[in-house]
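The values are calculated or read from the model by the stated rules, or taken from the named source; none is laboratory data. What you see is a predicted model; the values in this text were computed from it and never measured. Note that we place each Cβ from the backbone using ideal geometry, even for glycine, and neighbour counts take in every protein chain shown.
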Amino acid sequence: MEAPFTAAVSKFAHNPEVNGKALRELLNTDPEEFFRNAVPLLKRLQDEPGPTYVLVLLLSRGLLLGPLLRDESFAPAERTAIARQLSKVDRQFAIRLLEGVLADSGSDPSEVNATDRAAVNVRLRLLDLLQALSDDSRLLPILKRLLSDPDARVRSKAALLVGRSKHNTRWVEECLSEEDSRVRANAVESIWDVDSEPIRELLWNVLSDPDNRCVGNALIALYRRGEAAVIELILLMAKDERALFRSTAAWVMGRTGDPRFHPTLVNLIRDAAQVRTTAFRALGSLNQAKSRLTGGPALRVSGWRYQCVQEQDEIQVTVAREAESISGIRPTEFILYRDGAVVANYEVTEIAHPDPLLLTFLVPCRGAEPDSRLIQLLEAPSVSRRTTDRWLITSYDVNYVEAPSEQPAPPVWSGNGPLNLRAPEAPAPPLREQLPGPVQCLQAAIRAAQSAKAPQFFLLVPPNASGFSPGFLTEAGHAASALKASFHAISLTAGAEAPIDSAVRSLCRNSGGACLSSTPELLPQLLTDLFAGLIGSYRIRVPAAPGPLTVQVWSERGCGSLQLN
């Protein structure tokens, strides 16, 4: 039969009617011989008309499901490939497969002989196939019958499949009351990719489970949800006195692909044999993740440190790709080091500003004319602004002596979107006989910003500036309170960082702004980063300590790093 069988399969696509009839006649003549000839074909199954027709014939005659699950000659990958092909041919295949196995076992799985290894292996293979095929909710009513199976491994895999289909907190809670730890662990694994507040609360409670697998699965689920607090718990688990828990900690580290765990895993390869084996595998997983992620797009990570408050260091970080801010970076995708050591205790809060911004620049000069070079430096970073953002520019004389009498209000140069000083439609800068002092300049800017929502003021501070007067700081404080304005001070230095007056630092900190230093040449990039941060940024808090901080982003969307002294 082998020669005619092979010929009919290979020529099926050219003449389905003739070769289909030949295959049916061969099957009717000797079903067992037909199946033996089909086995090699099934093992190297290809998505072609001939092999697919053989599958349909075997399935229609009831000659495939039994051997597929019982025949030891089929490898797991071969069974899965055959089942997937049959699912394309018959959308009810998964249901028929499940019903067929349960019908053979009896209507009540608890009646099945738990010591019948062959029957148990059939049900385990069945569940493996169902897991590879889909999470079809139509399987649930039938699949639930396996939750009372006499074999713990079958119950455990059934719990995993049911949990993935139901995505129900109450269902998982019911499974967590099971005595069998495998059922509990698989119930937790079934909600790895399900997120809700009740699910998060449930996962935190699972961390007190006495079983290492349950705890490990809960840690992975919380890590995937961005819960930064689990970083410290994973590292603590690696120091547990129980080898099983240390081994599970190594497994969790490998599943995350997180490079911050590399030093800990290196230490664990000197542990007991079981821990050592898991740690080696985890290191391999970290290396694979590194190769994959570092080959992705490069991210620009920028930011600055705020003055230490309440024994915490506070960092404002912007993540961008090609000048476009990236939102949705999970806290666990930030990696912090201090002096090269991992910072395990930190918090991340994402800050988003979808509303249009008003950016107000107070530009210093000496004499009657604005500093045209500084104003041109404001043009370069403005290309990253949205067209809905508005800008204001006004200049002040750094040598101006505040007069007690009222001075006429200085004009303000304004526009929308990117600033293009050379465009024909660009607004002309206001003419003035004498530049005002900082107070008058600020007052004019505040009046122009009255209707704006949370305006942003940028104080460009020249080298060797004597500082701002109490009157200026009082006006700025009123604006911060009444308009919810933020003030940012940028010290324009020739080289080394120049200190900013402590009163100005206090103004910036209290209004949610930043104090930064920059040479004129680097000002465009600094402002670009600042603008991106105003649209979307991340505030990171860590316990205060001396030493430089490194902030890394390790994400499927790209990688980047920032060094803060």
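Could you please let me know if SER466 is of a type in the set (Gly, Ala, Ser) and either surrounded by fewer than 19 Cβ atoms within 10 Å (Cβ to Cβ) or outside the structural domain of PRO436 (by TED's automatic domain parsing) (or both)?
yes
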Quiz item: Could you count how many residues in the stretch 60-97 are crowded, with 19+ Cβ neighbours inside 10 Å and over 36 Å from the mean Cα position of the chain (by Cα)?
Solution: 6
Practice problem: Could you pull out every one of the helices (runs of 4 or more DSSP H) wholly within the stretch 1-100 that has 2 or more residues that are small (Gly, Ala, Ser) and at pLDDT 85 or above? | Solution: 2-10, 16-29
Quiz item: Is there any pair linking a residue in the stretch 465-480 that is closer than 17 Å to ARG509 by Cα to one that is of a type in the set (Asp, Glu) and in a loop (DSSP other than H, G, I, E, B), with Cβ under 6 Å and at least six apart or on different chains, and which?
Solution: GLY467/ASP501
Quiz item: On the given criteria, is VAL56 β-branched (Val, Ile, Thr), assigned by TED's automatic domain parsing to the domain that holds PHE93 and in contact with a Ser or Thr (Cβ under 9 Å, 6 or more places away or on another chain)?
Solution: no
Quiz item: Any residue in the stretch 272-281 that is out of contact with any strand residue (DSSP E or B) (no Cβ under 9 Å at 6 or more places or on another chain), outside any helix (DSSP H, G or I), over 18 Å from VAL342 (Cα atoms) and small (Gly, Ala, Ser)?
Solution: yes
Quiz item: Just for the stretch 1-38: of the residues that are closer than 18 Å to LEU64 by Cβ and of a type in the set (D, E, K, R), which one is nearest to the chain's Cα centre (by Cα)?
Solution: ARG36
Quiz prompt | 2 or more residues β-branched (Val, Ile, Thr): qualifying strands (runs of 3 or more DSSP E) within the stretch 284-345 | solution = 312-321
Practice problem: Considering only residues that are free of Cβ contacts under 8 Å to residues at least 60 places away in the same chain and under 17 Å from GLU189 (Cβ atoms), look in the stretch 254-269 and name the one that is surrounded by the fewest Cβ atoms within 10 Å (Cβ to Cβ). | Solution: ARG255
